[in-house]
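K.L.:
One structure follows; several queries about it will come next.
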Ligand code: TXE
């Protein structure tokens, strides 16, 4: 195993343009999931810290230091941020890898996508966006878009920088001010992004970052009457909690939550392409991807052949530390998450499903301190099993069998989730027919996982509300204002004089 020693980083929060420690001096250890070693110390934010950040964002919004800056200038700022991300891409990718565990090539992709996302929203913000309506003369009706106000942005640990950017770029582009909370597990690259914000001269108070526990800092942001909106990505359970809490102050909520996405493979698909994407769909990011293709549905006539080939290839995946040469799949993000994933593997066995590959923690080659799990797959499953219904969020697939289109659709839609899904078939009409029946927000035909800044991302059912990315993702961070203008200024004469 490659030994990568880094000095422990000392992180700070960023509130009202100042780098600050926690108000009670609390700190939290940030761990490299490949080695179990501490790589950073992060402030453990308090309710008081959250309140200061909210107040700073409120003042910055109310004084218009950002919302009233011309769109072209906000765009220029976003472009500078993108350039700085590119300049620091190597450093950011390495930090992402040691914090989250993902292989360096995945981290490099995330950093490039983050820069591109800032550029995308820099482009959007200067484009025409109003509407006019043909109403009765002499009135003229039109609509303008305005920032929502103070946005609470709460992100998870699976794409520490990229998930931050999916929220920060459109929120700032639209003229909002923000209180941002990274995951307590992965605060490093978000901190670097805030260093960039400072470097390019974002006015103080516009973007604030508070670290710490979800049920302390997260709740404080969600409950505050001074926060106008919450945009959250994370688990469905936490999303429901946030939605309930946000109701008291009638906040706008945008929630990108969990999934248990079906990957449907027909006998007429290109076999090797389907196997290849099925592996990518579940094992990329060690399965810690909201859209992971964790339920692989295969047509009966090719089922056995598919399982054999899938297992043969899964066993060849090189699992290791993200910075190690040749690593194809990294560790899970934390000890706690490792325990969750391993417990699901046990649940599957107890339910009577059969492990066809993997199923174990990896401790050989010096990996005993890290959180590595073998690429795992279950067969002999039925739709009611917990491993089929619940999000495991690890490198664990279930491979199910279907015999008709109707059955494939029924199985595919048969969970509470509705985030993503794919169909593999060389019959274009059939593939589209199936996709149109899927109750999912993100779908692919003969592909899995590609994501574009230009296209909306989000789920149906318990996978969330609202969309990230694209113009729909921009809409989330805007209010719509109707303006009605009287073109003939005369008394209405409704009442007699
Ligand atoms: O997520 P949480 P966890 C799923 C996945 C995973 C499970 C639990 O199945 O196993 O969720 O993971 C913040 N108010 N996903 O516990 O709790 C928290 O601090 C406000 C899918 O890590 O959702 C962190 O910043 N915020 C998902 C963020 O929520 C709160 C990605 C995510 O943590 C909070 C991650 C509260 N009360 C996990 N409690 C995806 N959709 O990609 C926690 N948080």
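K.L.:
Of everything in segment 160-182, what is out of contact with any strand residue (DSSP E or B) (no Cβ under 9 Å at 6 or more places or on another chain) and either surrounded by 24 or more Cβ atoms within 10 Å (Cβ to Cβ) or in a strand (DSSP E or B) (or both)? Give them in sequence order.
P.N.:
Hits for segment 160-182 are 160, 161, 165, 169, 173.
K.L.:
Further, regarding this structure: Checking residue 185 against (1) more than 10 Å from the ligand (Cβ to nearest atom); (2) surrounded by fewer than 24 Cβ atoms within 10 Å (Cβ to Cβ); (3) in contact (Cβ under 8 Å) with a residue 60 or more places away in the chain; (4) more than 22 Å from residue 69 (Cα to Cα), which test does it fail?
P.N.:
Every listed condition holds for residue 185 apart from (1).
K.L.:
If residue 250 satisfies every condition in (1) more than 16 Å from the ligand (Cβ to nearest atom); (2) more than 28 Å from residue 100 (Cβ to Cβ); (3) in contact (Cβ under 8 Å) with a residue 24 or more places away in the chain but one, which is the exception?
P.N.:
Failing condition for residue 250: (3).
K.L.:
Follow-up question, since we're still on this one. Suppose we filter segment 313-340 for residues that are in contact with a helix residue (DSSP H, G or I) (Cβ under 9 Å, 6 or more places away or on another chain), closer than 16 Å to residue 359 by Cβ and either at pLDDT below 95 or in a helix (DSSP H, G or I) (or both); how many remain?
P.N.:
1
K.L.:
Could you list, in sequence order, all residues of segment 222-235 that are assigned to a helix (DSSP H, G or I) and near the ligand (Cβ under 7 Å from one of its atoms)?
P.N.:
222
K.L.:
Yes or no: segment 123-131 includes at least one residue that is part of a strand (DSSP E or B), within 14 Å of the ligand (Cβ to nearest atom) and on the phi < 0 side of the Ramachandran plot.
P.N.:
no
K.L.:
Can I ask one more? Within segment 133-144, is even one residue touching a residue at least 24 places away in the same chain (Cβ under 8 Å) and within 19 Å of residue 285 (Cα to Cα)?
P.N.:
The answer is no, given that none of the residues of segment 133-144 is touching a residue at least 24 places away in the same chain (Cβ under 8 Å) and within 19 Å of residue 285 (Cα to Cα).
K.L.:
Next up: Tell me, please, whether a residue that is touching a residue at least 40 places away in the same chain (Cβ under 8 Å) and within 30 Å of residue 334 (Cα to Cα) can be found in segment 54-67.
P.N.:
yes
K.L.:
Taking only segment 73-114 into account, find how many residues are closer than 14 Å to residue 159 by Cα and in contact (Cβ under 8 Å) with a residue 12 or more places away in the chain.
P.N.:
Selection size over segment 73-114: 21.
K.L.:
Would you check if there is a residue in segment 257-274 being assigned to a strand (DSSP E or B), under 22 Å from residue 159 (Cβ atoms) and within 15 Å of the ligand (Cβ to nearest atom)?
P.N.:
No, because not a single residue in segment 257-274 is assigned to a strand (DSSP E or B), under 22 Å from residue 159 (Cβ atoms) and within 15 Å of the ligand (Cβ to nearest atom).
K.L.:
Taking into account only those residues within segment 303-312 that are touching a helix residue (DSSP H, G or I) at 6+ places or on another chain (Cβ under 7 Å) and crowded, with 19+ Cβ neighbours inside 10 Å, which is farthest from residue 407 (Cα to Cα)?
P.N.:
That would be 310.
The values are calculated or read from the model by the stated rules, or taken from the named source; none is laboratory data. All values derive from a computational prediction rather than experimental measurement. Every residue, glycine as well, gets a Cβ built from its backbone with ideal geometry; the counts of neighbours run over all protein chains shown.
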